[in-house]
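Student: Here you go, one structure.
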Amino acid sequence: MKNIFLIMSIVFSCFMFSGCVSGQAVSIQEAPSLNKRALAESLVQKDWNLFASFQRQGFSDRISSDFLPDKYAFLNEAEASFFGAVPVDLSFAIDKALIKNNKLAVTVVWQRKTANRESGNLTLTEGECTVVYRQENGQWLIYKIQGNSIFIF
Amino acid sequence: MKNIIRQLLLSSVLCCLFSTSYVFAAEVYYFGNDGSATGEQNKSYPLSTRMDDLFDFTSDRPLSERSGKISGSILTQAEYDMVSGNKSKSFLTNGWDYLTEVNLNMQEKMGSDYNLEGQLMMRKTDNPRIEPRRDVRIKEYSLKVANPDNLFLAGDFYGELSPLTMGSSLEGLNAEMKPNDTLAMKYVAARIDGPDEAASKFQRNVLGTKFDTFWFKDSETISNSRLGFQAVTVQDDSSDPDRTSSFEDLRNSVVSVDGDLAFVRFLSLNYELARSMYLADEDSATIKDQSYGNALRVTPQVQLGNTTIRHLYGYTQPKFYTDVGSASPDKVQHQTTMDHRFSQRASVSLMHNYYWDHLAGSSRTKRTINDDKSATLNFLPFAFRESFRARLNTGYNLRNSDDAVNTLESETFTAGFGVNDRWKETDIGFSYEYRAFSNRHNKSASDFFNRLGMTFAREYYVVARRLYLSLNPGMDVRRTKVDDNYDINASLGFSGQYDMAQNFLARFGHNVIDSNNAKANADYTNNRSFMELDWSLGKDRDKHIVLRGDINRYMHEDGTLNYKEHQVILKCVINF
């Protein structure tokens, strides 16, 4: 019962707050900190979806040719991970999204489920990594991954 | 240090906004008399106008028509999770989780062409999957003063000097200055990580500097010539959290020379030569010697008509170490790529990547040589059907090892094709890929895949409202060297969105994985469904109430592994 009241009060507070700020018409496009977080979330989700149905060439297209330290070694590792286990699910939260010139560094806290290809048994893994994207010809491509990569298992 | 920086930043922001001395000075003090973010000179604004502009949340005026603004968002979320069955296979726990996030962004035009920008992102949650601590956490903050040539920042930033020296998310101070067209400077004083007793880590600090000089500005043959010098030192702060801690106390320094040289036509070159010093633990009683290593990266690129050829030569000694840069120690690499466009309808990409390890001084027991080759052909085969696109690709990887007994030898061959088209307002895609992996040391680990993938996506109008549907079926057929049986993994992804009203959207989806394995007692299915209702409020629909339900069912032939997850999420977002 206590929880229900808490939920109701949160919803009510939001409505109250939305009333207070009604008429605030500032476009989200003008708030860089909001845009970059939304962009970061969509990029990580998009790349995970692509990885979950891995096609070597399709995934390769998402990696910058200047990937550090080596694009094709990373691609081989990601490919070996995919063919070693079935990516079942990824949930994540964006901790930081730092934009600098043509780079976007996204720090992600993630939880991942993978299924063994022979036994079907699930493995649960948690980690944190920073995925650095670089904008090239209008596209944000993976430039570098530091920490526990979501694509390597 | 973290707390001090945060306190300083917060107090400086608050002081700027609310300090009475500033307010009293308002009538006579002008932040500047000209300016904007793009190098244009900012106009002059009295402080009263600045305050009015800053706290004007009701008008539609963009930043170009005002002296400053505050924008942001507030998110509150309540999530109810319910797990049944084998709970060890779920990250969720039964019960409620709450999340509140506040994003603030402040922009203010200053004197000349300088702009001030502040950002703050705070989070409070009791959800351990998002945040291990329950107090209010400042996840990201920064205060920046910048014009097109100079930047002064305190807070979180992405610090970058060169590939081998620094490229990392940092928290601290950053300054970048360009006094003239031939010189640019960068300074970084920050920390990489805070102290972490649970992970046995000291706070790790970093200091870095870079000088770039630009040459041949007026040359008619050279379009870009840059020579850079950079130095970075990384040091664990053994007094934080506690001087008596027995954590590893790292010390690492890297110096490098890098540069670009691009001719107006044909040739360009990028290079970096670095030397590192590394000591894993300064306090170690046994390891006192610092190790030194060198690294080199050279990337020439030739452009001849429709052909681009690029070569990467990399040489990294085994003892080269860079804590905030990027390098693969103990490696020599030759990577060549060639892209050629035959016509507007056809292009080809070729790649050869050859690298090996076990250089002089290596701690590895054997040398492994990797030889990667790939070719990709993209084409539009039909002039009368521009939407039809096709791609052929093939790849070959050979890994050789000079230890015959404990070898890592393997061979991987990949070949595939994909086509995409738009037919009767439906986007259609089909792809096929074959992959053969042969482990020469342990043949039972070899496997062969045939993989199919399809996509269908279309927009409809139902009762004059847009309905978008997407369907993605796929299938993997796997065979091993152990027997002739097949592991078949079928998947189906379905998602859609229906714009039920101008301010009311419904999103929905279902994803199923059905795995039939040759091994006994190993089949499973995983079904995940969701439904989301998004109600936009306000004149500009900048407030959202989102209700989402998720169901996830994992059913294994071994019933003890089964579990079900139910999630209900209520989210309110206010953008201002």
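Student: In µm²/s, what is D for region B:391-481 at 20 °C and 1.002 mPa s, where D = kT/(6 pi eta Rh) by Stokes-Einstein and Rh is the Kirkwood radius from Cα pairs?
Tutor: Roughly 134 µm²/s, to the nearest whole number.
Student: A further question on this structure: Across peptide B:539-548, what mean number of C-beta atoms from other chains lies inside 10 Å of a residue's C-beta? Could you put the intermediate results ahead of the total?
Tutor: Working: counts 4, 6, 0, 8, 8, 2, 4, 0, 0, 0.
The shielding value for this peptide is 3.
Student: Mind computing the radius of gyration and Dmax over the alpha-carbon atoms of region B:96-224? Å is fine for both.
Tutor: Radius of gyration, then largest Cα-Cα span, for region B:96-224: 19.1, 67 Å.
Student: I'd like the Kirkwood hydrodynamic radius of region B:466-523, using the inverse of the mean 1/r over distinct C-alpha pairs, in Å.
Tutor: Working: mean 1/r = 0.0721 Å⁻¹.
13.9 Å is the Kirkwood radius here.
Student: Okay, moving on. How far is it, in nm, from the label point at B:ASN150 to the one at B:ASN420 when both lie 7 Å from their Cα along the line to the Cβ?
Tutor: The modelled label-to-label distance comes out at 4.6 nm.
Student: Given all pairs of different Cα atoms, what value in angstroms does the Kirkwood hydrodynamic radius of region A:93-143 take? Display every interim value, and only then the final one.
Tutor: Values: mean 1/r = 0.0782 Å⁻¹.
Roughly 12.8 Å, rounded to one decimal.
Student: Give the Rg/Rh ratio for region B:440-490, taking Rg as the radius of gyration of the Cα atoms and Rh as the Kirkwood radius, to two decimals. Don't skip to the answer; put the middle values down first.
Tutor: Numbers: Rg = 19.3 Å, Rh = 14.0 Å.
With Rg and the Kirkwood Rh in hand, the quotient comes to 1.38.
Student: Right, here's the next one. Add -39500 (n - 2.57) for each DSSP H run of 4 or more in the protein assembly as shown, then divide by its residues: what number comes out at 222 nm, to the nearest 500 deg cm²/dmol?
Tutor: Values: 7 runs with 89 residues, N = 729.
About -4000 deg cm²/dmol.
Student: Report the rotationally averaged projected area of the protein assembly as shown based on its alpha-carbon convex hull, in square nanometres.
Tutor: On the way: hull surface 147.9 nm².
Mean orientational projected area (the protein assembly as shown, Cα hull): 37.0 nm².
Student: While we're here: If you place +1 on the Cβ of every Lys and Arg and -1 on the Cβ of every Asp and Glu, how big does the dipole about the Cα centre of region B:479-528 come out, in debye to the nearest 20?
Tutor: Roughly 140 debye, rounded to the nearest 20.
Student: What is the local net charge at A:ARG62, summed over the other residues whose Cβ is closer than 9 Å to its Cβ (Lys, Arg +1; Asp, Glu -1)?
Tutor: On the way: positive: A:LYS46; negative: A:ASP47, A:ASP61.
Net local charge, A:ARG62 excluded: -1.
Student: Something else: Enumerate by residue number the trypsin sites (Lys or Arg not before Pro) in region B:453-549 meeting two conditions: DSSP loop (anything except H, G, I, E, B), and at most 11 other Cβ atoms within 10 Å of the site's Cβ.
Tutor: Values: sites: B:ARG458, B:ARG465, B:ARG466, B:ARG478, B:ARG479, B:LYS481, B:ARG507, B:LYS519, B:ARG528, B:LYS539, B:ARG541, B:LYS543, B:ARG548; in loops: B:LYS481, B:LYS519, B:LYS539, B:ARG541.
Of the trypsin sites (Lys or Arg not before Pro), the ones in loops of region B:453-549 whose Cβ has at most 11 other Cβ atoms within 10 Å are B:LYS539.
Student: Going out from 0 in 5 Å bins, what whole percent of all Cα-Cα distances in region B:234-290 drops into each bin?
Tutor: In whole percents, the pair-distance histogram is 4, 15, 17, 14, 11, 9, 7, 7, 6, 5, 4, 1, 0.
Student: In a shell of Cβ-Cβ distance under 13 Å around B:ALA346, excluding B:ALA346 itself, what net charge do Lys and Arg (+1) and Asp and Glu (-1) give? Please report the intermediate quantities before stating the final value.
Tutor: On the way: positive: B:ARG341, B:ARG345, B:ARG389, B:ARG391; negative: B:ASP339.
Summing Lys/Arg as +1 and Asp/Glu as -1 gives +3.
Student: May I pose another question? Could you tell me which chymotrypsin sites (Phe, Trp or Tyr not before Pro) in region B:228-307 are loop residues by DSSP with no more than 11 other beta carbons within 10 angstrom of their beta carbon? Show your work: numbers first, answer last.
Tutor: On the way: sites: B:PHE229, B:PHE247, B:PHE263, B:PHE266, B:TYR271, B:TYR278, B:TYR292; in loops: B:PHE247, B:PHE266.
Counting only loop positions with at most 11 other Cβ atoms within 10 Å, the chymotrypsin sites (Phe, Trp or Tyr not before Pro) in region B:228-307 are B:PHE266.
Student: Using R₀ = 22 Å, calculate the FRET efficiency as 1/(1 + (r/R₀)^6) where r is the Cβ-Cβ separation of B:VAL102 and B:ARG541; round to 0.05.
Tutor: Working: r = 20 Å, r/R0 = 0.92.
Working from the Cβ atoms, E equals 0.60.
Student: Can you tally the net charge around B:VAL232? Count Lys and Arg as +1, Asp and Glu as -1, for every other residue whose Cβ sits under 10 Å from the Cβ of B:VAL232.
Tutor: Once all neighbours under 10 Å are counted, the net charge is 0.
Student: Another question, then. Taking each residue in A:48-57, count the Cβ atoms of any other chain within 10 Å of its Cβ, then average. What number comes out? Provide the component values of the computation, followed by the final result.
Tutor: On the way: counts 0, 2, 0, 0, 5, 9, 5, 11, 11, 15.
Going residue by residue through A:48-57 and averaging, the value is 6.
Student: List the GluC sites (Glu not before Pro) in region B:421-518 that DSSP assigns to loop (not H, G, I, E or B) and whose Cβ has at most 14 other Cβ atoms within 10 Å. Which are they? Mind showing how you got there, number by number?
Tutor: Numbers: sites: B:GLU425, B:GLU433, B:GLU459; in loops: B:GLU425.
Qualifying residues, ordered by number: B:GLU425.
Student: May I pose another question? Just to confirm my numbers, what's the Cα centroid distance between region B:545-565 and region A:80-153 in Å?
Tutor: Each part's Cα centre sits 23 Å from the other's.
Student: Over all alpha-carbon pairs in region B:56-112, figure out the percentage whose distance exceeds 15 Å. Walk me through the numbers on the way to the answer.
Tutor: Details: 1073 of 1596 pairs.
Of all Cα-Cα pairs in region B:56-112, 67 percent lie more than 15 Å apart.
Student: Additional query: So the label point goes 7 Å from the Cα of B:PHE413 along Cα→C-beta, right? Which residues of region B:446-465 then have their backbone N under 13 Å from it?
Tutor: Residues passing the 13 Å test: B:448-449.
Student: To continue, here is another question. Averaged over its residues, how many other protein chain Cβ atoms are within 10 Å of peptide B:97-110's Cβ atoms? Could you put the intermediate results ahead of the total?
Tutor: On the way: counts 0, 4, 1, 1, 3, 0, 4, 3, 7, 1, 3, 0, 0, 0.
For this peptide, the per-residue mean of nearby foreign Cβ atoms is 2.
Student: Then there's this: Per 10 Å bin, what percent of the C-alpha pairs of chain B does each bin hold, from zero upward?
Tutor: Answer for chain B: a P(r) of 3, 10, 15, 20, 27, 18, 5, 1, 0 percent.
Student: Report, in debye and to the nearest 20, how large the dipole of region B:448-546 comes out about its Cα centre when Lys and Arg carry +1 and Asp and Glu carry -1 on their Cβ.
Tutor: Values: 13 positive and 12 negative charges, 43 e Å.
So the magnitude is around 200 debye.
Student: What is the pair-distance distribution P(r) of region A:66-153, computed from all Cα-Cα distances in 10 Å bins starting at 0, with each bin given as a whole percent?
Tutor: Pairs per bin, as whole percents: 17, 42, 32, 8, 1.
Student: Another one. How far apart, in nm, are the 7 Å Cα→Cβ label points at B:TYR271 and B:ALA501?
Tutor: 6.8 nm
Student: Follow-up question, since we're still on this one. For region B:414-571, rounded, prolate or oblate, judged on the Cα gyration tensor with a ≥ b ≥ c (square roots of eigenvalues), a/c < 1.5 rounded, else prolate if a/b > b/c? The partial results should precede the final answer.
Tutor: Values: a/c = 3.35, a/b = 1.72, b/c = 1.95.
Verdict is oblate for region B:414-571.
None of the figures in this text is laboratory data; all of them are computed from the coordinates on show. All values derive from a computational prediction rather than experimental measurement. Please note: Cβ atoms are built from the backbone with ideal geometry, for glycine as well, and neighbour counts cover all protein chains shown.
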